1. For the range 97-161, give the magnitude of the charge dipole about the Cα centre (Cβ charges: +1 Lys/Arg, -1 Asp/Glu; no others), in debye to the nearest 20.
2. For a quick check of your reading of the filter: which GluC sites (Glu not before Pro) in the range 63-154 sit in a DSSP loop and have no more than 10 other Cβ atoms within 10 Å?
3. For the range 1-96, calculate the relative contact order in percent as a whole number, restricting contacts to Cα pairs under 8 Å that are 6 or more residues apart.
4. For the range 15-54, what % of the accessible area comes from carbon and sulfur atoms, probe 1.4 Å?
5. If the elastic network links every pair of Cα atoms under 10 Å, which of R127, R104, R181 fluctuates the most in the Gaussian network model of the chain?
6. Given the rule -39500 (n - 2.57) for each run of at least 4 DSSP H residues, summed and divided by the residues of the chain, what is its mean residue ellipticity at 222 nm, to the nearest 500 deg cm²/dmol?
7. In whole Å, what are the extents of the chain along the principal axes defined by its C-alpha atoms, from largest to smallest?
8. Near the amide H of V75, under 5 Å away, which other amide H atoms are found, from residues 5 or more places off or on another chain, if H is placed in the peptide plane?
Amino acid sequence: MPAAVVAYELKVTLIGIDPPIWRRLQVPNTMLLCCLHDAVQAAFGWTDSHLHHFEKDGRAWSDPEWFEDGDIDVVDESRVPVSRVLKAEGDSLLYEYDFGDRWRHNVVLERTLVADSVPVLCLGGDRHCPPEDVGGVRGYNEFLEVIFDPEHEEFEHYRKWADGFSPEHFDLAKVNETLTRMRWPKRHRRSL
C-alpha cells in the first residue's frame, strides 16, 4: 500500500484586479517551487513568456541564472519544496510573473489534507486571466474599457488583438485537461 501524502490546497489570486481573478490549486506539499510556477502558469492561462520569482519575508526564489548580476539574492526554486515556504494553513507568499507588467499573485495555503495520491488539479477559479503584454493592472483596466466601447477609436484594434477575449470566461475542465497532460515528477526530490 502506498504511503499517504500531504496535499496542499492553494488559493492563488491576481493582485489589483477587481472583481478578482483567482484559482484554487491542489498540489503535493513536496512540489518544488519551479513546478508550482508551471502549475500557476497553466491554471491562469499565462504563456510562460516572461521571467518570474516567488517572494516571502524578504527572500526570493527563482532561477538564479536570471539574477547573476547580483541585484538580488535568489534561492534556486528547483531545490525548494512548497512545504519549506508554506508551513501552516494561512501562510502565504507572493508570485510575480512578467517583471514589466508586474503580475503579482497572492498564494495562500488554505488547507492541508492527507491522501493516498495527490494529482495536480485546479479545484476552482473565476474569470479569465489578462492577455499577455497588456500593460499590467493599469493597462488591463484600460484594455477592458476599450473592448467594451465600440465608439472608442482603438476598439477594432484591441478586439482584433484580443481575438475573442472574454474577461468573465473560465474553463475549469480545460485547465484540468492541461494540468493532466503536463509531466509532473512522480517523486519530488528532497531539497538539498
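The values are calculated or read from the model by the stated rules, or taken from the named source; none is laboratory data. Owing to the predicted nature of the structure, the values given are computational and were not obtained by experimental measurement. Note that each Cβ is placed from the backbone with ideal geometry, even for glycine, and that neighbours are counted across all protein chains shown. For the accessible areas, the whole protein counts, side chains as well, though only heavy atoms, and no ligand, DNA or RNA atoms are used. Shrake-Rupley method; radii C 1.70, N 1.55, O 1.52, S 1.80 Å.
1. Value, rounded to 20: 400 debye.
2. Listed in order of number, the matching sites are E68, E151, E153.
3. 25
4. 55
5. R181
6. -7000 deg cm²/dmol
7. On the principal axes, the chain reaches 62, 42, 28 Å in Cα extent.
8. Excluding prolines and chain starts, which carry no amide H, the hits are A60, W61, S62.
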